[in-house]
Amino acid sequence: MKWYPCELHCHTLHSDGGFTVSELLATAKERELRGICLTDHNTTSGWSETESSTYPVVLRGIEYTTYHGHMLCLGTDKFADWRRFANIDEPIEFLRKNGGTVGIAHPFQLGTPICTGGRWDYKIEKWENVNYMEIFSEGAPYLNAANKRARNLWHSLLSRGYRITPTMGRDWHRKRANTFISACTYLLCADEFSDTEMKEAIDNGRTVVSAGPLFYFKTDKGETVGDTVEAGERALHFTADFSRHKRIDGERRITAEKIVIASPDRITEYPLTSEITIELKNNSWYSAELWGSIDGQEDMLLALTAPLYTK
């Protein structure tokens with residue numbers, strides 16, 4: 001298994017993006033993104049132009065763009081006309097039954113009149129059908145107001161027992177005026193990297209969202225994010241790899257300073273270290289965060305892992 005940098009939310013001229021499909025693919029390769037999701041608004045018309053792409057690998061999707069929220073769906077060619085359903089749970093359930101991976105895009109971005117439907121206003125009754133949520137959006141990995149609210153909502157859903165995978169969506173429309181170029185979602189996939197592996201990583205909670213560095217942990221028994229383990233004492237071994245960030249965005253200074261472990265009942269800070277021993281409680285979740293500075297600005301969230309779960 002390896003970690004692969006990916007961008008899971010992309011637009012082209014087939015909707016409101018500034019990229020042609022070929023320009024998107026070329027720019028993704030420049031940024032060493034091994035996989036992308038093509039998610040144009042309410043259309044799949046660009047899919048056929050990605051058929052020959054192997055770097056990046058393309059996972060085909062769509063961004064359902066409604067008046068009350070934007071919803072991402074990956075990995076199915078079935079279309080759910082959201083205007084014909086009584087509530088949002090019905091199209092989500094339809095897409096899941098037809099093999100789709102469903103995510104909530106930028107749940108707290110500014111809505112009408114800035115971006116009609118951009119803020120998530122739907123009431124979801126069956127959160128168990130939602131696979132993932134963009135807790136960082138628009139390439140901004142720091143905790144601005146929208147991302148802080150998304151992270152808090154994600155934590156609350158985890159604590160209610162819903163296993164929702166965290167992602168970062170650049171909502172990538174064009175190359176210019178695009179900051180944090182090394183920010184991405186890392187996916188843990190098999191060596192034979194493919195669109196199927198990308199989808200399975202999201203489905204199984206094997207992600208890291210990051211301003212650039214790859215940050216993850218394994219337990220002393222080899223368990224990692226997305227796994228479900230027995231409660232008890234575990235040593236967590238941490239890795240922070242800045243190599244890709246330095247290659248493509250080396251002028252931006254990112255310095256790691258501390259590790260934070262989030263769980264349902266507490267958020268605990270630790271000095272920067274390669275190993276932390278903690279007591280894992282029954283029926284819980286544990287997500288690791290890397291904090292530090294970006295271009296001299298202190299107390300910035302640099303990376304965050306999907307949870308390790310206990311039973």
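Positive end of the charge dipole of the chain (Lys, Arg +1 and Asp, Glu -1 on Cβ, about the Cα centre): tell me which of 158, 33, 214 has its Cα farthest that way.
Of the options given, the answer is 158.
Heavy atoms only, probe 1.4 Å: what % of the accessible area of the chain goes to carbon and sulfur, would you let me know? Intermediate values should be presented prior to the final figure.
Values: 6050 of 13360 Å².
Accessible surface attributable to carbon and sulfur in the chain totals 45 percent.
Can you sort 237, 106, 173 by 1.4 Å-probe accessible area, starting with the largest?
Final ranking, largest accessible area leading: 237, 173, 106.
May I ask you to give the solvent-accessible area per residue for the chain, in square angstrom, as obtained with a 1.4 angstrom probe?
The answer is 43 Å² per residue.
Cross-link list 78/311; 126/175; 97/311; 2/246: which exceed 31 angstrom alpha carbon to alpha carbon?
Beyond 31 Å between Cα atoms: 78/311; 126/175.
What relative contact order, as a whole-number percentage, does the chain give when Cα pairs under 8 Å and 6 or more residues apart are counted?
Answer for the chain is 15 percent.
Taking the Cα centre of region 147-191 as origin, sum charge times position over the Cβ atoms of Lys and Arg (+1) and Asp and Glu (-1), and report the length of that vector in debye to the nearest 20.
Roughly 280 debye, rounded to the nearest 20.
Mind checking region 214-256 for GluC sites (Glu not before Pro) that DSSP puts in a loop (not H, G, I, E or B) and that have at most 12 other Cβ atoms within 10 Å?
In loop regions of region 214-256 (DSSP not H, G, I, E or B), the sparsely surrounded GluC sites (Glu not before Pro) are 230, 251.
Accessible surface of residue 116 in the full protein assembly, 1.4 angstrom probe, to the nearest 10 Å²?
The accessible area of residue 116 comes to roughly 70 Å².
To the nearest 20 Debye, how big is the dipole of region 45-195 about its Cα centre, given +1 on the beta carbon of each Lys and Arg and -1 on that of each Asp and Glu?
My answer is approximately 560 debye.
To the nearest 20 Debye, how big is the dipole of region 143-270 about its Cα centre, given +1 on the beta carbon of each Lys and Arg and -1 on that of each Asp and Glu? Please list the in-between numbers first.
Working: 21 positive and 18 negative charges, 171 e Å.
For this selection, approximately 820 debye.
Would you pull out the residues with amide H under 5 Å of residue 119's amide H, same chain only if 5 or more places away, H placed 1.01 Å from N?
111, 112
For a quick check: with amide H placed at 1.01 Å from N, whose amide H comes under 5 Å from residue 280's, ignoring anything fewer than 5 positions away on the same chain?
For residue 280, whose amide H was placed from the backbone, the distant partners under 5 Å are 232, 233, 234.
Among 113, 264, 166, whose mean-square fluctuation peaks in a Gaussian network model of the chain (Cα, cutoff 10 Å)?
Looking only at 113, 264, 166, the biggest GNM fluctuation is shown by 113.
Which order do peptides 153-160, 212-219, 278-285 fall in by mean Cβ count within 10 Å, highest first?
Descending mean neighbour count gives 212-219, 153-160, 278-285.
Would you list 41, 70 from the most to the least accessible area, probe 1.4 Å?
41, 70
The values are calculated or read from the model by the stated rules, or taken from the named source; none is laboratory data. These numbers come from a predicted model, not from an experiment. Cβ: placed from backbone, ideal geometry, glycine included. Neighbour counts: every protein chain shown. Side chains are part of the model used for accessible areas, which takes the heavy atoms of the whole protein and leaves out ligands, DNA and RNA. Shrake-Rupley method; radii C 1.70, N 1.55, O 1.52, S 1.80 Å.
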